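Asker: Sharing a structure below in structure tokens format, with a few things to ask.
The values are calculated or read from the model by the stated rules, or taken from the named source; none is laboratory data. The structure presented is a predicted model; accordingly, all values stated were derived computationally and were not measured. Virtual Cβ from ideal backbone geometry, glycine too; neighbours counted across all protein chains shown.
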Amino acid sequence: MTHAFESLTPDTVLDALESVGLRGDGRLTALSSYENRVYQAVLEDGSQVVAKFYRPQRWSEAQILEEHAFSAELMAAEVPAIGPLVMGGQTLHQFGGFSFSVSPRRGGRQPELDDLEVLEWIGRFLARIHTVGAKQPFVARPALNLATFGTESVNWLLENHQVPLDVQSAWTDAAQQALALVAAHPALADPGSGPIRRIRLHGDCHPGNILWTPLDAAAGPGPHFVDLDDARSGPAVQDFWMLLSGERHQQTRQLGALVDGYEQFRDFDRDELALIEPLRTLRLIHYSAWLARRWSDPTFPANFPWFGSSDYWHGQVQVLQDQIEAMAEPPLVV
């Protein structure tokens, strides 16, 4: 079987750009992206754009357009997010069986997360993203919760025989114990109940999706946010925890800096701190299911050759056991 992206040749990319009035000079650079295919293209006038070709059948057109609308709201509020260009009155285009969008190119490097001032700055911008995100809900895009990231992922892995028999029982027991602890948090188990509010989120706010560049000569350096492909509804703390690393005392300092910046623009609900380890647990389980679902894409075996072996799944049993212990500990405090 051939994968859909195998037909996305350089000529197809250039023809797709030309179909929306952008003539490339032939220079294309593939950018890091496993879920979609993303290319930096140099146009005939010397300018550069980024073309993103969406993985077929992952999101519906309505879900992609909702992401684009969220990007447009953020940019209208002067939040430094990078959204797609409007060409011919549209942000989403079709060519050769693919949906694609085109965005301006913005370079940068990952932020120095050891610098508390940098974290405080990022916290301020997260607050501005969430202020926009809280104005209205997503309608088409799914929520991040126990069902969508946890239960569904575990069931799919087992029903599709992805976990080797020699480790299946141990992994299933660990996953069920972990999900039972996640289920103790109404904000994730039953998102419609409880005091914690769901808002529109970046959803995948790890350091690789934040680029640090000079904004202009007067303002100096600062962050801008890229890749809203995983934007979902969920608790605000989802956009915090992937920026934390190290021992507990280090994470406490980092979180304190993020919250200090955040609360210059928006209140942060401390009750959400109890969701950090449950959210981490859901992401770990979802990640295994994501890799398994994508295995027919040649990019995945080439870049994740360690996935799927008994050693991998034995390692995941230990990871889940560590998470079970982490969820039993008191949450971080700021």
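Asker: Checking G26 against (1) free of Cβ contacts under 8 Å to residues at least 60 places away in the same chain; (2) in contact with a helix residue (DSSP H, G or I) (Cβ under 8 Å, 6 or more places away or on another chain); (3) of a type outside the set (K, R); (4) surrounded by 12 or more Cβ atoms within 10 Å (Cβ to Cβ), which single condition isn't satisfied?
Answerer: It fails just one condition, (4).
Asker: Separate question: Please work out which one of (1) free of Cβ contacts under 8 Å to residues at least 12 places away in the same chain; (2) in a strand (DSSP E or B) is the condition Q57 fails and give its number.
Answerer: (2)
Asker: Now a separate question. Of the conditions (1) surrounded by fewer than 19 Cβ atoms within 10 Å (Cβ to Cβ); (2) modelled with pLDDT of 90 or more, P195 clears all except one; give me its number.
Answerer: Single failed check for P195: (2).
Asker: Are there helices (runs of 4 or more DSSP H) fully within region 276-334 with at least 1 residues that are among the hydroxyl-bearing types (S, T, Y) and under 20 Å from G234 (Cβ atoms)? List them.
Answerer: On the way: elements: 276-293, 299-303, 310-328.
Qualifying helices (runs of 4 or more DSSP H): 276-293.
Asker: Hey, can you tell me all the residues within region 157-192 that are among the hydroxyl-bearing types (S, T, Y) and surrounded by 13 or more Cβ atoms within 10 Å (Cβ to Cβ)?
Answerer: T172
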